[in-house]
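A.B. asks: Would you mind keeping the following structure in view while I ask a few things?
The values are calculated or read from the model by the stated rules, or taken from the named source; none is laboratory data. The model shown is predicted, which means the values in this text are computed figures rather than measured ones. Counting neighbours? That spans all protein chains shown, and the Cβs are built from the backbone with ideal geometry, glycine included. All accessible areas refer to the heavy atoms of the entire protein, side chains included, with ligands and DNA or RNA removed. Shrake-Rupley method; radii C 1.70, N 1.55, O 1.52, S 1.80 Å.
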Amino acid sequence: MTNAILSTKLRQPPVRADQAPRPRLRERFERGTDGRLTLVSAPAGYGKTTALASWAAHTGKPVAWLSLDEADNAPQRFLRHLVAALQRRDETLRELGDFVGEDLEAALITVVNDVADNPEPLVLVLDDVHVIHAERVHDLVRFLLDHAPEQLRLVLATRADPPLPLARLRVARALTEVRVDELRFTAAEAVSMLAAQGLHLAREDVEELTLRTEGWPAGLHLAALSLRGQSDPHAFIGFFTGTDRFVLEYLTEEVLMRQPANVQDFLLLTSVLDELDAGLAGAVTREDDAQAMLEHIERHNLFLVPLDAQRQRFRYHAFFQDLLQHRLRAARPDLLAELHRRASEALEARGEHEEALLQALLSGDDDRVARLLERHPRRDELQRALGAIEEGHAGPTTAARDDRPDPAAVRAALREALDGSGVEEAAGAPRGPGSYGDEPLSEREVDVLRLIAAGLANKQIARRLDVSTNTVKTHARNIYAKLGVASRTQAAARARELGLV
C-alpha cells in the first residue's frame, strides 16, 4: 500500500453550477502561464483553488493537477504523485517504480528529461503548497523549477509563500504573482456571485457588503448563508461583521487554531491595535521578537494588510480583527485594560496623541484620559465629542456588554471632532499646486489618497475612515492642491510616482 496512488489527489476540482465567472482572473492566469511560475498566494477563503479550477476548465492548455496534503511531506510519496499527475496529461512519461534509495534528484531528472522530449505545452498545478514543511520536498520543487523545460509551466496555490527563489524570478520576469488584491471580489463580481446563489440584493447593499468584507470571497459566501431568510437584508448587512457566527467558525477553524500557540497569543494581544508595527506590537505584547513575528505573520498570509510601501506598518483585515478581539474578550477579559494602557503609553511616546487618547479611553484609565485631554490644543472640541459618547453609552444596555465605550463610536467621534473643520492637525492651508515637497501630506491625507488610488468612492472612504463624506471631500481638495492635480485619476497616478501606494 505504500506505493499506492490516491487518484482523487490528481483530479481537477469541478466547477460548481452556482459559481460566478471571473473572466479577469482567468485572463490573469492565462497570461501568467506564459511564464515559468505562477504563484497564487493569499489567506484562507480567498478562492485560490476555485479560481484556478475555473481557469483550468476553460483554458486550451493541458493541465496536470496535484492537490497536496500533509502526507506529501514524505518525499517519495510526493514524487510518486507528482509523476502520476503528469502522466495523466503526458502518457509518454515512464513509470519510475518505487524510487528506491535516496537519490530522488536522479528520479526527477528522468521526469524532466521525459517532459522535455514531448514538445507539447503542459501546466502543472500544485494546490495547497502551504501544507508542505519538509525541506526535502521543497528541494524537489526548487529543482523542478530550476530545470523544467520550456514547455512546462508551474502554478503553485498556497496560503503562505514557499521557500523558493521568488526575488530572483521577479527580476528575471519569470514570475506571475496573484495575491489578495487580485483575488478579492469587486462589487460587480459580488453581484454575480450572490445572484448565482439566488440572492438578488440592491446594488448599494452589495457595495456595502463588499466594503465590509473587503472583497474576501469566503466572507461574501458566509454572508450569503446568513442572509438567507432575512426579512430585512439591508439592516442585516449594516451590522454584518467578523462576529457573525459563520465567519467566527470559519476563521477560528481554518486560520486561528492552525497557528502555533505563540502566534495565536501574539495575534490576540495585538488585536487591540488598529494599526501596528514592530514597536507598537512589542510594547503591547512585551515581546522582543515582534519584528520577526510580524514577518512570520505576513509571510503566512494571516490577514495582515500593509499600510505603507516599506511594509513596516500594518492592520488586520477587519473581520479577522473582529475574531481576535472576540476571542481575547472571551479568554483574557482581565488583560484588556492593561493592553489598552500599554498601547496608549507607546502611542503617546511617539506623539500619536489622538490614538493614545483612544486607547486610554478604552482602558478606562480616567486619569490618563484627563491628562491627554489637558495637553491637546483642541481640548474643548474633543471633550464635547467625548461627552456625547458618554451620554450615548450610558443606559440600560451597557451593563450587558462591559464598562468601556464602543471602540467604533469613540474612534468616529474623535475623528469627526478633529476633522470636522476640514483642517488637518499635521498640515496648514494648501500653498498651491506642486508644493508637495514644501507642504507634505498629513497622515490622514495619505490614508485618503491611498483609498482614492484603490478606486473607492468618497462615501466608501468615509465609511472606511469613520468620517463624514464632507470631510473626505475637504481632504481630497487639499490633496489635489498639494500634488498639483485636478482629478482622482491624476491624484492616483501621482501617488504611484511618489511611492505612496
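A.B. asks: Whose amide H sits under 5 Å from the amide H of Val155, counting only residues 5 or more places off or on another chain, with H placed in the peptide plane?
C.D. replies: Excluding prolines and chain starts, which carry no amide H, the hits are Thr38, Leu124, Val125, Leu126.
A.B. asks: Applying the Karplus parametrisation 6.51 cos²θ - 1.76 cosθ + 1.60 with θ = phi - 60° to the phi angles of region 239-247, what ³J(HN,Hα) value in whole Hz is obtained for each residue in order, glycine and proline being reported as x?
C.D. replies: 10, 6, 9, x, 8, 4, 4, 5, 5
A.B. asks: Working with all protein chains in place, sort Tyr480, Tyr46 by solvent-accessible area computed with a 1.4 Å probe, largest first.
C.D. replies: Reading off the accessible areas and sorting them downward yields Tyr480, Tyr46.
A.B. asks: Calculate what fraction, in whole %, of the accessible area of the chain sits on carbon and sulfur atoms when a 1.4 Å probe is rolled over the protein chains. Kindly include the intermediate steps, with their values, before the conclusion.
C.D. replies: Values: 11830 of 23380 Å².
For the chain, the apolar C and S fraction of the accessible surface comes to 51 percent.
A.B. asks: How far is helix 290-299 tilted, in degrees, relative to the longest principal axis of the Cα atoms in the chain, given as a value from 0 to 90 rounded to the nearest 10?
C.D. replies: Between helix and principal axis, roughly 50 degrees.
A.B. asks: Add -39500 (n - 2.57) for each DSSP H run of 4 or more in the chain, then divide by its residues: what number comes out at 222 nm, to the nearest 500 deg cm²/dmol?
C.D. replies: Helices in the chain give a 222 nm mean residue ellipticity of -16000 deg cm²/dmol.
A.B. asks: Working out 0.36 nm times the residue gap between Asp367 and Arg16, then minus their Cα-Cα distance, what length gain in nm do you get to one decimal? Show your work: numbers first, answer last.
C.D. replies: Values: separation 351, 0.36 × 351 = 126.36 nm, distance 5.83 nm.
The span from Asp367 to Arg16 would gain 120.5 nm if fully extended.
A.B. asks: Something else: With point charges of +1 on the Cβ of Lys and Arg and -1 on the Cβ of Asp and Glu, referenced to the Cα centre of the chain, which listed residue (His300, Leu362, Leu498) lies farthest in the positive direction of the dipole?
C.D. replies: Highest projection toward the positive end goes to Leu498.
A.B. asks: Would you mind getting the accessible area per residue of the chain, heavy atoms of the protein chains only, 1.4 Å probe, in Å²?
C.D. replies: Here the per-residue accessible area is 47 Å².
A.B. asks: Expected output is a single nm value to one decimal: the length gained when fully extending between Ala106 and Arg379, i.e. 0.36 nm times separation in residues minus the C-alpha distance. What is it?
C.D. replies: Taking 0.36 nm per residue and subtracting the Cα distance, the gain is 91.0 nm.
A.B. asks: For Lys61, give me every one of the aspartates and glutamates with a C-alpha distance below 15 angstrom, ignoring sequence neighbours fewer than eight places off in its own chain.
C.D. replies: Glu27, Glu30, Asp34, Asp90, Glu120, Glu150
A.B. asks: For the chain, what is the charge dipole size about the Cα centre, in debye to the nearest 20, if Lys and Arg each add +1 at the Cβ and Asp and Glu each add -1 at the Cβ?
C.D. replies: The calculation lands at about 1280 debye.
A.B. asks: If you don't mind, another one. Have a look at Leu104, Leu220, Val115 and report the one farthest towards the positive end of the charge dipole of region 100-232, computed about the Cα centre with Cβ charges (Lys/Arg +1, Asp/Glu -1).
C.D. replies: Most positive-ward Cα: Leu220.
A.B. asks: Counting only residues 5 or more places away or on other chains, whose amide H sits under 5 Å from the amide H of Ser442 once H atoms are built in the peptide plane?
C.D. replies: Hits under the 5 Å cutoff: none.
A.B. asks: Follow-up question, since we're still on this one. How large is the charge dipole for region 260-383, taken about the Cα centre, if only the Cβ atoms of Lys, Arg (+1) and Asp, Glu (-1) carry charge, to the nearest 20 debye?
C.D. replies: Magnitude of the dipole: close to 180 debye.
A.B. asks: Now, a different point. Could you give each residue of region 192-197 its phi-based ³J(HN,Hα) in whole Hz, using Karplus coefficients 6.51, -1.76, 1.60 with θ = phi - 60°, and x for Gly or Pro?
C.D. replies: Calculated HN-Hα couplings, in order: 5, 5, 5, 5, 5, 9 Hz.
A.B. asks: While we're looking at this one, here's another question. What shape does region 169-292 take by its C-alpha gyration tensor, where a ≥ b ≥ c are the square roots of the eigenvalues and a/c under 1.5 counts as rounded, a/b above b/c as prolate, and the rest as oblate?
C.D. replies: Note, shape of region 169-292 comes out oblate.
A.B. asks: So if I place +1 on the C-beta of Lys and Arg and -1 on the C-beta of Asp and Glu, and nothing else carries charge, what would the dipole magnitude of region 172-328 be about its Cα centre? I want it in debye, nearest 20. Write out the running numbers ahead of the final one.
C.D. replies: On the way: 14 positive and 25 negative charges, 48 e Å.
Dipole size: approximately 240 debye.
A.B. asks: A further question follows. In vacuo Debye scattering of region 230-356, one point per C-alpha: log10 I(q)/I(0) at q = 0.09, 0.16, 0.18 Å⁻¹?
C.D. replies: Listed by q, the Debye log ratios stand at -0.27, -0.81, -1.00.
A.B. asks: Based on DSSP, what percent of beta bridges with both residues in the chain are antiparallel, to the nearest 5?
C.D. replies: Restricted to the chain, the bridges split so that about 15 percent are antiparallel.
A.B. asks: Considering the convex hull of the alpha carbon atoms of the chain, report its projected area averaged over all viewing directions, in nm², one decimal.
C.D. replies: Mean shadow area of the hull around the Cα atoms is 26.8 nm².
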